Amino acid sequence: MKKKLILVLNCGSSSIKFSIIDPVKCIAYIDGIVELIQSTTSLMVYDHITDKKLLNKFNEVGSYKKLIILIFDILSSKYKNYLDFVIGIGHRVVHGGQYLKKPMIINDDVLLKVQESSIFAPLHNPFHLIAITVSLQKMLKLKNNNVAVFDTAFHHTIPKESFLYAIPYRFYKNHSIRRYGAHGINHLYVTQQCSLLLKKPINQLNIISCHLGSGSSITAIVNGKSVDTSMGLTPLEGLVMGTRCGDIDPYIIFYMIQQLKMSVTDVQKLLTKESGVLGISSITSDFRELENRYYVDKRAKLSINMFCRRVSKYISGYSSLMCGKLDAIIFTGGIGENSSFIRKKIVKKLSLLNFFIDIKKNIKNNKTNFFINTIDSRSIFVIRANENQVIAQETYSCLQ
């Protein structure tokens, strides 16, 4: 029987992840990543069938378009045996705006709405548009088989009392200003995985999902549906992040513009690219380096403490939405999966909710999913993010 595979393009601002996946059997044939590190570009492709890695480094950082072309060129030259079976391309798109609430086959109207939504995700949507454009050019036979899968889609079940801002209602009605959330693809994935781990139907599952990375968000999930999430109109709201400020008093912006005479562009750059743990530490946005400096650098320690405190506050607040039953908290994303130190600091503040970490179980291991709670604690799971699998499945379903 002929294989039917999906190529997934998961484009971020500093890295591009890609996979070739069998969406029915949930088998990844190829996983790859292009990373931009200072003045160099690195490309890694792992072939799960042959267990071989391809590593390339380039002494320059090309345009984003050139990087997407590079991926297609590598796949065409080295992995044509998989590419020939690809029947569709799934694109992660961070923001779908008010109207794009489910996976959509990409046409001119969808492209226009993704472009219009770029104002809400200026660090992400423009890159998605580049990837889509290159895909349409490089894979002409799949021109009508490109699918956009939206990070905001999972959060369209959030009720009005959670997604509205306390500003005049006309701004929502006339301009679609509301909270949309992000990381919905992975929040959906960990919900599915937690359902399997607890052997509990998704529609009965009450969890708090913590996607912690350079961009971080927390989602309250009741009966398997998102009912609140920390990111808002844009991915700037919520937790302290790598370079993003998270929740602040909006008047700070007025003060910067009116009193400090900063331009709107400068304030936007400051809050999105120069704040978060980078702004507090004045060292780096890399949590690994900050963790290594925790006991020797006061500002590194302060930045991590602020991050953990904000996460604990959100978890505590969202526990009030659980309808009397909280099954588990989930740690996922680069930090959530890999930093036992940060997990321990966060959970330490949650003893009132009956969450306690088992020190031995909390040590990093190679398992995809594992629990780290003590016997007398509520469940605490670490679940490895797998957005690409969800994107592949959603793309396949949409094309069917």
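Quick note: the coordinates plus some simple rules give every number you see, no bench work behind them. If you're wondering where the values come from, they're calculated on a predicted model, not measured in any experiment. Every residue, glycine as well, gets a Cβ built from its backbone with ideal geometry; the counts of neighbours run over all protein chains shown.
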Rounded to whole Å, √(5λ) for the Cα gyration tensor eigenvalues of the stretch 134-236, largest first, gives 25, 23, 13
State, as an integer percentage, the relative contact order of the stretch 85-125 based on alpha-carbon contacts under 8 Å between residues 6 or more apart.
47
Over the chain, calculate the relative contact order: mean separation of alpha carbon pairs under 8 Å at least 6 apart, over the residue count, as a percent.
14
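Give the relative contact order (percent, whole number) for the stretch 5-150; include only Cα pairs under 8 Å separated by 6+ residues.
Numbers: 265 pairs, mean separation 34.7, N = 146.
Once normalised by length, the contact order is 24 percent.
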Using square roots of five times the C-alpha gyration tensor eigenvalues, list the equivalent-ellipsoid semi-axes of the stretch 199-387 in whole Å, biggest first.
30, 20, 13
Integer Hz, Karplus 6.51/-1.76/1.60 couplings in order for the stretch 300-305, x for Gly and Pro:
4, 4, 4, 5, 5, 4
Going residue by residue through the stretch 132-143, the Karplus relation 6.51 cos²θ - 1.76 cosθ + 1.60 with θ = phi - 60° gives ³J(HN,Hα) values, rounded to whole Hz and with x marking Gly or Pro, of 5, 4, 5, 4, 5, 7, 7, 10, 4, 5, 10, 3
Three-way shape call for the stretch 278-400 based on the alpha-carbon gyration tensor, with the a/c threshold at 1.5:
oblate
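Can you classify the stretch 55-95 as rounded, prolate or oblate using the Cα gyration tensor, where a ≥ b ≥ c are the square roots of its eigenvalues, rounded means a/c under 1.5, and otherwise it's prolate if a/b beats b/c and oblate if not?
On the way: a/c = 2.86, a/b = 1.17, b/c = 2.45.
Verdict is oblate for the stretch 55-95.
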Report, in deg cm²/dmol and to the nearest 500, the calculated mean residue ellipticity at 222 nm for the chain, where each DSSP H run with n ≥ 4 adds -39500 (n - 2.57) and the sum is divided by the residue count.
-10500 deg cm²/dmol
Among F58, M44, F154 - extreme Cα towards positive end, dipole of the stretch 1-157, charges at beta-carbon:
M44
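Using mean Cβ contacts within 10 Å as the protection proxy, how do 19-26, 278-285 order, highest first? Write down the numbers at each step before the final one.
Values: 19-26: 19.1, 278-285: 17.6.
So the peptides 19-26, 278-285, ranked by packing, come out 19-26, 278-285.
Can you check what the net charge comes to around N365, using other residues whose Cβ is under 12 Å from the Cβ of N365 (Lys, Arg +1; Asp, Glu -1)? Display every interim value, and only then the final one.
Values: positive: K360, K361, K364, K367, R384; negative: E337.
Result for the local shell: +4.
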Springs between alpha-carbon atoms under 10 Å, Gaussian network over the chain: tell me which of P235, P201, P250 tops the mean-square fluctuations.
P250
Amide H to amide H, which residues 5 or more places from Y29 or on other chains are under 5 Å from it, using H placed in the peptide plane?
I20, I21, D22
Toy charge model, Lys and Arg Cβ at +1, Asp and Glu Cβ at -1: the stretch 5-150 dipole around Cα centroid in debye, rounded to 20, equals 100
Would you work out the charge dipole size for the stretch 195-282 about its Cα centre, treating the Cβ of every Lys and Arg as +1 and the Cβ of every Asp and Glu as -1, and quote it to the nearest 20 debye?
320
Which one, (1) -0.43, -0.67; (2) -0.48, -0.69; (3) -0.32, -0.55, gives log10 I(q)/I(0) by the Debye sum over Cα atoms at q = 0.07, 0.09 Å⁻¹ as derived from the coordinates shown?
(3)
Under 17 Å Cα-Cα from K269, which lysines qualify once same-chain neighbours fewer than 8 residues away are excluded?
K261
Partners for K102 among lysines (Cα-Cα distance below 21 Å; same-chain residues under 8 apart left out):
K113, K143, K160, K173, K225
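Is the shape of the stretch 5-150 rounded, prolate or oblate, going by the alpha carbon gyration tensor and its root eigenvalues a ≥ b ≥ c, with a/c under 1.5 for rounded and a/b larger than b/c for prolate? Could you put the intermediate results ahead of the total?
Working: a/c = 1.91, a/b = 1.25, b/c = 1.54.
Because a/c hits 1.5 or more and a/b fails to exceed b/c, the stretch 5-150 counts as oblate.
Placing +1 at every Lys and Arg Cβ and -1 at every Asp and Glu Cβ, with all other atoms neutral, what dipole size does the stretch 199-387 have around its Cα centre, in debye to the nearest 20? All intermediate terms of the calculation are to be shown ahead of the outcome.
On the way: 27 positive and 15 negative charges, 126 e Å.
Roughly 600 debye, rounded to the nearest 20.
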State the answer as a single residue: which of G215, I119, N144 lies farthest towards the positive end of the charge dipole of the chain, with beta carbon charges of +1 for Lys and Arg and -1 for Asp and Glu, about the Cα centre.
G215
What's the tally of Lys pairs in the stretch 270-400 whose alpha-carbon atoms lie under 16 angstrom apart, where the two lysines are 8 or more places apart or on different chains?
14
